[in-house]
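Each value in this text was obtained by applying a stated rule to the coordinates, not by laboratory testing. Please read these numbers as outputs of a predicted model, since none were measured by experiment. Glycine gets a Cβ as well: all are built from the backbone with ideal geometry, and neighbour counts include every protein chain shown.
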Amino acid sequence: GQQLNQSPQSMFIQEGEDVSMNCTSSSIFNTWLWYKQDPGEGPVLLIALYKAGELTSNGRLTAQFGITRKDSFLNISASIPSDVGIYFCAGPGGTSYGKLTFGQGTILTVHP
Amino acid sequence: EAQVTQNPRYLITVTGKKLTVTCSQNMNHEYMSWYRQDPGLGLRQIYYSMNVEVTDKGDVPEGYKVSRKEKRNFPLILESPSPNQTSLYFCASRPSGRNNYGYTFGSGTRLTVV
């Protein structure tokens, strides 16, 4: 099946720093989603991107749909302790609308 | 409150003993899905359903069964659990529609098979 590769796998940063992570695909995607998972909870949708080149913000989060349609980026500005968690990219897999493929996740740790 | 509810939250069982993890959503969503989460592997889709009586395999369906007899419920069945099915499981749902790919997830079921 389709694969999504996220990098970095983990990040340790100081409060106030900006964060960047990215996701690449082996094939073209028409939609990119970014999720966050807090410890002990299910993933929560942060941002959805539907068009190549699209740049969308949600508070301190900004995500971009790569022009090649094979990558996406998530930036977090001025990180705070509650940003801790696992961030996942995801995209629809294959021709079925029911399939949604996730990347391996980026574990973010923020030191106060 | 709009939500996806899974039960149980934690389950320890023995190899070969059939079990069912229940999932229910109150948002009238057409699509439902099951995922398993393992360290370093992210979330992998087990099965999904696009509506009542319509199900299809995800990326890791072996050893699992599902059914969708009612729109709100989508149970995950392990007929003969094995230790390699020890994992964190998530049920999720979303509405139909071209730009509605974002699933809403439940809080998870941590399964241990010994």
- Message: Test of the criteria: in the range A:40-72, which trypsin sites (Lys or Arg not before Pro) are in a DSSP loop and have at most 12 other Cβ atoms within 10 angstrom of their Cβ?
- Response: A:51
- Cα extents of chain B along the three principal axes, largest first, in whole Å? 40, 30, 28
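Do you know the Lys pair count in the range B:6-108 for C-alpha distances under 21 Å, with sequence separation 8 or more or different chains?
7
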- Task: Under a 10 Å cutoff between Cα atoms, tell me which one of B:26, B:84, B:99 has the largest fluctuation in the Gaussian network model of chain B.
- Result: B:99
- Within straight cross-link reach of residue A:51, meaning Cα distance under 22 Å, which lysines are found once same-chain residues fewer than 8 apart are removed? A:36, A:70, A:99
- Query: Which ³J(HN,Hα) values, rounded to whole Hz and listed in residue order, are derived for the range B:61-76 from phi using the Karplus coefficients 6.51, -1.76 and 1.60 in 6.51 cos²θ - 1.76 cosθ + 1.60 with θ = phi - 60°, glycine and proline given as x?
  - Reply: x, 4, x, 10, 9, 9, 8, 9, 8, 10, 4, 7, 10, 8, x, 10
- Query: About the Cα centre of the range B:1-85, what is the dipole size in debye to 20, counting +1 per Lys and Arg Cβ and -1 per Asp and Glu Cβ, all else neutral?
  - Reply: 240
- Counting Lys and Arg as +1 and Asp and Glu as -1, what is the net charge of the other residues whose Cβ lies under 13 Å from the Cβ of residue A:46? 0
